[in-house]
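Quick notes on the structure that follows.
The values are calculated or read from the model by the stated rules, or taken from the named source; none is laboratory data. Remember, predicted model here, so these are calculated numbers, not experimental data. Cβ sites come from the backbone with ideal geometry, for glycine too, and all protein chains shown count toward neighbours.
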Amino acid sequence: MDVGDGKSEDGGKRVEQRYRRNMYIYIVVALAASLIWGGWRMTLGTLLGSCLSIFNKRWLEGSVAAILGNAVEMQNGRVPPFTAAKLILRYFIIAFVIGAAIWTGDFHPLGIGIGFSAFVGGVMIEAGYQLYLVCKPRG
């Protein structure tokens, strides 16, 4: 049984792949639900929030990899100022895009929030899967 606890060499990779898949599942379900119950503004908001969530996750992964890579290379524990500033810059970019989208009136703010929570939705799906693995009968 692989519960993604890192015991196997590629256990972490499998968890990461499942997490990415879960995020996309959450986005598709959220888009379908918003289209059915919320209309076009809600769906556009959900789509924008989902794109921002994916953008945020990828940028965060890249920034952390750069910071850790530099720390290992230099072995002095210091991080270049611009590398650390990129972590903060993404919040300003996301806030600007959300503000501009709301200002246009074409995107529903709740939809943006629902889409932006795709990160959390993916984690919750993975948590449910791990709970299932722990609780399922062994036979």
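Considering the range 82-139 alone, what residues qualify as being small (Gly, Ala, Ser) and either touching a helix residue (DSSP H, G or I) at 6+ places or on another chain (Cβ under 6 Å) or under 19 Å from Gly49 (Cβ atoms) (or both)? Walk me through how you get there before you give the answer.
Taking the range 82-139 and keeping what is small (Gly, Ala, Ser), we get 84-85, 95, 99-101, 105, 111, 113, 115, 117-118, 121-122, 127-128, 139.
Ala95, Gly99, Ala100, Ala101, Gly105, Gly111, Gly113, Gly115, Ser117, Ala118, Gly121, Gly122 - these are the residues of the range 82-139 that are small (Gly, Ala, Ser) and either touching a helix residue (DSSP H, G or I) at 6+ places or on another chain (Cβ under 6 Å) or under 19 Å from Gly49 (Cβ atoms) (or both).
Are there any pairs, at least 6 apart or on different chains, whose C-beta atoms fall under 8 Å, with the first in the range 31-54 and farther than 8 Å from Gly111 by Cβ and the second of a type in the set (Phe, Trp, Tyr), and if so, which?
From residues that are farther than 8 Å from Gly111 by Cβ, the pairs are Ser50/Phe116; Leu52/Phe116; Ser53/Phe116; Ser53/Phe119.
Listed here are the residues, each with its yes/no results for (1) surrounded by 16 or more Cβ atoms within 10 Å (Cβ to Cβ); (2) aliphatic (A, V, I, L, M); (3) touching a His at 6+ places or on another chain (Cβ under 9 Å).
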| position | (1), (2), (3) |
| --- | --- |
| Phe92 | no, no, no |
| Thr104 | no, no, no |
| Ile112 | yes, yes, no |
| Ser117 | yes, no, no |
| Gly122 | yes, no, no |
| Ala127 | no, yes, no |
| Tyr132 | no, no, no |
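When only residues in the range 65-85 that are part of a helix (DSSP H, G or I) and loosely packed, with under 10 Cβ neighbours inside 10 Å count, which is modelled with the highest pLDDT? I'd like the intermediate steps shown before the answer.
Initially, the range 65-85 is screened for residues part of a helix (DSSP H, G or I), giving 65-74, 81-85.
Cutting the leftovers down to loosely packed, with under 10 Cβ neighbours inside 10 Å gives us 72-73, 81-82.
Working: Val72: 68, Glu73: 70, Pro81: 70, Phe82: 75.
Restricting to residues being part of a helix (DSSP H, G or I) and loosely packed, with under 10 Cβ neighbours inside 10 Å, the top hit is Phe82.
What is the residue count in the range 82-123 for residues that are of a type in the set (A, V, I, L, M, F, W, C) and in contact (Cβ under 8 Å) with a residue 40 or more places away in the chain?
Keep residues of the range 82-123 that are of a type in the set (A, V, I, L, M, F, W, C), which gives 82, 84-85, 87-89, 92-98, 100-103, 107, 110, 112, 114, 116, 118-120, 123.
Cutting the leftovers down to in contact (Cβ under 8 Å) with a residue 40 or more places away in the chain gives us 94, 97-98, 101, 107, 110, 112, 114, 116, 118-119, 123.
Residues that pass the stated criteria total 12.
How many of the residues making up the range 36-50 are at pLDDT below 95 and surrounded by 14 or more Cβ atoms within 10 Å (Cβ to Cβ)?
1
Quick check on this structure: which one of Ile54, Ile88 is at pLDDT 90 or above and either of a type outside the set (Asp, Glu) or out of contact with any strand residue (DSSP E or B) (no Cβ under 8 Å at 6 or more places or on another chain) (or both)?
On inspection, the qualifying residue turns out to be Ile54.
Please enumerate the residues belonging to the range 98-115 that are assigned to a helix (DSSP H, G or I) and closer than 20 Å to Ala33 by Cβ. Break it down into steps so the answer makes sense when it comes.
Going residue by residue through the range 98-115, those that are assigned to a helix (DSSP H, G or I) are 98-104, 109-115.
Scanning the range 98-115 gives Ala101, Pro109, Leu110, Gly111, Ile112, Gly113, Ile114, Gly115.
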